Amino acid sequence: MLLSEITKSAQEKDIEINGLTSDSRSVQPGFLFAALPGSQVDGTQFISSAIAGGAETLLVPDDFKPTTALPSNLTIIKAPNPKRTFAEFAAQFYKKQPLHLSAVTGTNGKTSVAWFTQSLWEKLGHRAASFGTLGATPKSVTSENIALTTPDTVTLHKALRDAVERNFQHLVIEASSHGLEQHRLDGLSITSAAFTNLSRDHIDYHGTMSAYLEAKKRLFSDLLPSSGTAVLNADIPEFRALLDVCNNAFSYGFSGKELKLLNQRPTTAGQELELEIFGNRETLSIPLIGSVQAMNIICSLGLAVAEGADVSATTSQLTSLSGVPGRLEQTATDQQGSKSVIVDYAHTPDALENAINALKPHCENRLIVVFGCGGDRDKGKRPQMGAVAERLADVAIVTDDNPRSEDPALIRAEALAAAPSAKDIGDRKKAIYEAMSLAGDGDIVLIAGKGHETGQTIGTQTIPFDDKEVTQAAAKNLW
């Protein structure tokens, strides 16, 4: 593709661009290399490596000043916001994007909303997919490795092109605050967007809750076009600020207008919901537990309708939705069904509280909670998670999550400071076995923090570890 086609502007030297990347190790002859500023490294440090790899065009910040002489045949493009410009270039280079492209952001619930939205589209007969924490679902949608909640710019646009070429015209993507802040989603032709909730997370990166909100708000203020529809949680304090930047919006929740939750009752197999959907009353039984999942389902209904789905036909499909891997997922039970284990991805104070409260109505006796906190992440949420477990769990065990480069014992100590009655068992497998050995009839064991993950990062190594597999093995041995 010609450089002028990518930049959408006339070029003094209009050369052929064979590819683009922000990773100097991936540069090939004829590539455009984006020397992007980063939180830890500056891409301009790798310009010489990119040139050696065959880069003929550079995208750099507008204040870039080379410290050494550059080849005379090199084309240099300066931009005030090179991350945004790079995303726009990627959109032009890869061209193809699904006709129906939804994005969902929020602290908790992104994966569930994406999963349910994709499921609804599929039930309505569409070839649908999702990108996010669970990777690419289904795997056949792309050959790219979707390893982050929001992939890097080039991976994302390559995957979108794959989706279209494989006949997936309905796709939903999780939009993380990091991805939004770093302009990874700029250049996407988003047609609808949802906001689930906001609670403490990633303060180590954003600095303040205000900055964290502003990053997420970009999805609606900067990326969603005026023709697109926002689906907003009306029960959260941020609702009005989000609504003010949206041209078209559906609100959902107990305070919702278009998608109103009137009542919710737990049942043995899930919950019964009384809803008012665009003015029509509905009573539905859904096979999923927890008010948070009810909210996620209603949000996904809003996204499906925003993309043109029939309201009645879509609502009728809510009763057949299946749960999301690692999200309030029952992974083990005894033969009598008198006690069970639930695995959940909850790794923030709000998510942990929501998971516990979701299980309480289904718990005949005690709720035993195993949780940990990640290393090299926001330390402030550790005592908050400890306080939640101390207040709401009948028995709490603090264990290791992904300690990464930090001392696991110190991480646990920060959570234990607010949970003096909790047990301290660093080895995650031993902690799970201990919790399940304590469980009696009518008890529920909640294993929180890692959900669908199949590895545990300790130091610089990630070792195989799957909460689901461990709980199933423990059930065979203990129950």
Being free of Cβ contacts under 8 Å to residues at least 40 places away in the same chain, in a strand (DSSP E or B) and crowded, with 18+ Cβ neighbours inside 10 Å, is that true of even one residue in region 68-82?
yes
Could you please find all residues in region 63-94 being among the charged types (D, E, K, R) and either at pLDDT 95 or above or not assigned by TED's automatic domain parsing to the domain that holds L32 (or both)?
K78, K83, R84, E88
Of all the residues that make up region 329-353, how many are under 16 Å from the mean Cα position of the chain (by Cα) and either part of a loop (DSSP other than H, G, I, E, B) or without any contact (Cβ under 8 Å) to a residue 24 or more places away in the chain (or both)?
4
With a cut-off of at least 3 residues that are over 21 Å from the mean Cα position of the chain (by Cα) and under 30 Å from V343 (Cα atoms), name the strands (runs of 3 or more DSSP E) lying wholly within region 205-293.
259-266, 271-277, 280-286
All but one of (1) surrounded by 13 or more Cβ atoms within 10 Å (Cβ to Cβ); (2) under 26 Å from T111 (Cβ atoms) hold for E434; state the number of the condition that does not hold.
(2)
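Kindly check whether there is at least one residue in region 242-254 that is under 27 Å from P383 (Cα atoms) and of a type in the set (A, V, I, L, M, F, W, C). Break it down stepwise before answering.
We begin by selecting, within region 242-254, every residue under 27 Å from P383 (Cα atoms); these are none.
No, region 242-254 has no match at all.
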Can you spot a residue in region 41-55 that is in contact (Cβ under 8 Å) with a residue 24 or more places away in the chain, farther than 16 Å from I76 by Cα and loosely packed, with under 14 Cβ neighbours inside 10 Å?
no
Restricting attention to region 101-111, does a residue exist that is charged (D, E, K, R), surrounded by 24 or more Cβ atoms within 10 Å (Cβ to Cβ) and out of contact with any Lys or Arg (no Cβ under 8 Å at 6 or more places or on another chain)?
yes
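Only one of D424, D443, D407, D401 is over 30 Å from H178 (Cα atoms), without any contact (Cβ under 8 Å) to a residue 60 or more places away in the chain and of a type in the set (D, E). Can you tell me which?
Values: D443 fails: without any contact (Cβ under 8 Å) to a residue 60 or more places away in the chain; D407 fails: over 30 Å from H178 (Cα atoms); D401 fails: over 30 Å from H178 (Cα atoms).
That would be D424, the only listed residue that is over 30 Å from H178 (Cα atoms), without any contact (Cβ under 8 Å) to a residue 60 or more places away in the chain and of a type in the set (D, E).
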Starting from residues that are touching an Asp or Glu at 6+ places or on another chain (Cβ under 8 Å) and surrounded by 24 or more Cβ atoms within 10 Å (Cβ to Cβ), keep the ones in region 352-368 and report whichever is farthest from V445 (Cα to Cα).
A355
Only one residue in I190, I203 is of a type in the set (V, I, T) and at pLDDT 95 or above, so which one is that?
I190
For region 248-269, which residues satisfy the criterion of being under 22 Å from D350 (Cβ atoms) and either modelled with pLDDT of 95 or more or touching a Leu at 6+ places or on another chain (Cβ under 9 Å) (or both)?
S251, Y252, G253, F254, S255, G256, L259, L261, Q264
Top-ranked residue in region 249-274 [being touching a residue at least 24 places away in the same chain (Cβ under 8 Å) and within 20 Å of F195 (Cα to Cα); ranked as surrounded by the most Cβ atoms within 10 Å (Cβ to Cβ)]
Y252
Which members of region 442-465 meet the condition of being within 19 Å of the chain's Cα centre (by Cα) and surrounded by fewer than 18 Cβ atoms within 10 Å (Cβ to Cβ)?
T454, G455
For region 308-326, give me the residue count where each residue is assigned to a loop (DSSP other than H, G, I, E, B) and in contact with a Leu (Cβ under 9 Å, 6 or more places away or on another chain).
10
Residues to consider are A90, A50, A55; find the one that is of a type outside the set (D, E, K, R) and assigned to a loop (DSSP other than H, G, I, E, B).
A55
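In region 391-401, is there at least one residue being under 21 Å from the mean Cα position of the chain (by Cα) and either within 21 Å of K430 (Cβ to Cβ) or surrounded by fewer than 22 Cβ atoms within 10 Å (Cβ to Cβ) (or both)?
For region 391-401, residues under 21 Å from the mean Cα position of the chain (by Cα) and either within 21 Å of K430 (Cβ to Cβ) or surrounded by fewer than 22 Cβ atoms within 10 Å (Cβ to Cβ) (or both): present.
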Is there a residue being assigned by TED's automatic domain parsing to the domain that holds Q336 and assigned to a helix (DSSP H, G or I) anywhere in region 450-467?
yes
Which of the residues that make up region 112-148 are surrounded by fewer than 19 Cβ atoms within 10 Å (Cβ to Cβ), of a type in the set (S, T, N, Q) and in contact (Cβ under 8 Å) with a residue 24 or more places away in the chain?
S140
Breaking point among (1) farther than 19 Å from G187 by Cβ; (2) modelled with pLDDT under 95; (3) in contact with a strand residue (DSSP E or B) (Cβ under 9 Å, 6 or more places away or on another chain), for P37:
(1)
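Residue-wise test of (1) more than 15 Å from E214 (Cα to Cα); (2) of a type in the set (F, W, Y); (3) touching a residue at least 40 places away in the same chain (Cβ under 8 Å); (4) not assigned by TED's automatic domain parsing to the domain that holds E122.
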residue: T153; (1), (2), (3), (4): yes, no, yes, no
residue: V164; (1), (2), (3), (4): yes, no, yes, no
residue: E181; (1), (2), (3), (4): no, no, no, no
residue: G187; (1), (2), (3), (4): yes, no, yes, no
residue: T191; (1), (2), (3), (4): yes, no, yes, no
residue: N197; (1), (2), (3), (4): no, no, yes, no
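The values are calculated or read from the model by the stated rules, or taken from the named source; none is laboratory data. Values in this document were obtained by computation on a predicted structure and should not be read as measured data. Note that each Cβ is placed from the backbone with ideal geometry, even for glycine, and that neighbours are counted across all protein chains shown.
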